[in-house]
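Here is the structure we will look at, set down as structure tokens.
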Amino acid sequence: MKRLIYMSSFSRPISDQEIDVLGKQSNARNNARGITGVLLCLDKTFFQILEGDDHIIDGLFESIKKDPRHEDVVCLINEDRVRDRLFPGRYMHTVNLNVKGDMLFQPVKVLLQQLMQSHRIIGKYTQPAVINKIVQGLDPLELVPQRTMKAILFADIKGFSGISQRYKVDDAIRLINLYLNLATTAITLHGGEVTKYIGDCVMAHFDENQVDQALHAAVYLQEQLAAIRAEASDDAPESQLFAGIGIDYGEVIQGNVGSVIKMDYTLLGNAVNRAQSLERLTRVLPASCIFSEEVKNASKEPWKFLHLGARPIKGKEQSVDLYCLDNPLLHESEDK
Ligand SMILES: Cc1cc2nc3c(=O)[nH]c(=O)nc-3n(C[C@H](O)[C@H](O)[C@H](O)COP(=O)(O)O)c2cc1C
């Protein structure tokens, strides 16, 4: 048996009557499937505890995650091998704290509000790869280190230090945030995961079978940036928004590194160093996305590649063959 605890936010206003109906329907459905638990509502937030057979809870949680009545579903606990139920005989006890004036509920309300606020703040400041684990109910500190094949992508704003000196602080920060949002969307939309932000640079990883997706993410990001530059006036910082992207593919070690004070869930290995070096080469070579022969060989789609010659790079003893895609957008340079 397992116990799963999550919270979520209303995606639209939901009346007390609707919550009542949802509770009654859930109660009846859960009764038929041996699911017990509690559903709390506070402000615009749901907080639910579900307990029952593993596959039944997993299946229900998949349906609940897709339910259009709420969004931002964060799994707080996903506990296996649970022996005793916390709510025996309660198939979905629903408590709408918005309509409960009882003083006894005050501490629960305060605790839930605090929990929601902490999650919002932690979610904003925590490494995306760690948050992805937390929202699945996994404890990132318990993750076992592993060797794995990954496509590693670095995407950096070109010449950001010059831009930051030329424009006001607010404009520079707005530009970085715009860029990081675009890059993150490009990566997650194509199945990758942002490992971390390093100033104005995004480091991301894609699974072994997603090398083509990493290339698609690079093309998509450059398309988005080109559209933003085209719309910006000449004196706006957005007109200077060019990115350099480096991609490599190889074996990396994935795990928690750090000290007792601060941990980083990250990837280490030559592919990481090489992807960063390839990204730096976009500053000197006429291509805004450069990748290694390993990426070319691991991709499966019929891309048109251009050979950019061979160069020595960090993480490789010998010179490596460099490639870019035969796509005019990826040759566009900031000098144009
Ligand atoms: C906050 C929330 C909690 C829910 N809790 C349950 C529940 O405990 N049991 C249940 O059967 N459906 C629950 N639902 C409804 C499910 O999302 C889904 O509509 C229902 O299980 C029917 O899914 P199906 O059409 O895939 O069978 C909940 C929905 C929301 C928004």
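About its Cα centre, how strong a charge dipole does the chain have in debye, to the nearest 20, once Lys and Arg get +1 and Asp and Glu get -1 at the Cβ? In total the dipole reaches around 740 debye. Ordered from highest to lowest accessible area with the whole protein assembly present and a 1.4 Å probe, Tyr197, Tyr6 read as Tyr197, Tyr6. For the residue pairs Lys65/Lys150; Lys150/Lys314; Lys44/Lys65; Lys65/Lys262, the alpha carbons lie more than 20 Å apart in Lys65/Lys150; Lys65/Lys262.
Accessible area of Tyr179 (1.4 Å probe, protein heavy atoms only, ligands and nucleic acids ignored): about 0 Å². Of the solvent-accessible surface of the stretch 153-308, computed with a 1.4 Å probe over protein heavy atoms with every protein chain present, carbon and sulfur atoms account for 51 percent. Ellipticity at 222 nm from helices only: DSSP H runs of n ≥ 4 in the chain, each -39500 (n - 2.57), divided by the residue count, give -12000 deg cm²/dmol. With protein chains left intact and a 1.4 Å probe, residues in the chain average 53 Å² of accessible area per residue. Using only Cα coordinates, the Kirkwood hydrodynamic radius of the chain works out to 22.7 Å. Each Lys or Arg adds one and each Asp or Glu subtracts one; over the other residues with Cβ under 15 Å from the Cβ of Gly37, this totals +1.
You can think of it this way: the chain between Val21 and Asp67 has 15.1 nm of extra reach, that is 0.36 nm per residue less the Cα-Cα gap.
The values are calculated or read from the model by the stated rules, or taken from the named source; none is laboratory data. No experiment lies behind these values; they were computed from the predicted model shown. In this analysis, Cβ positions are derived from the backbone assuming ideal geometry, glycine residues included, and neighbour counts consider all displayed protein chains. With ligands, DNA and RNA removed, areas are computed over all heavy atoms of the protein, side chains included. Shrake-Rupley method; radii C 1.70, N 1.55, O 1.52, S 1.80 Å.
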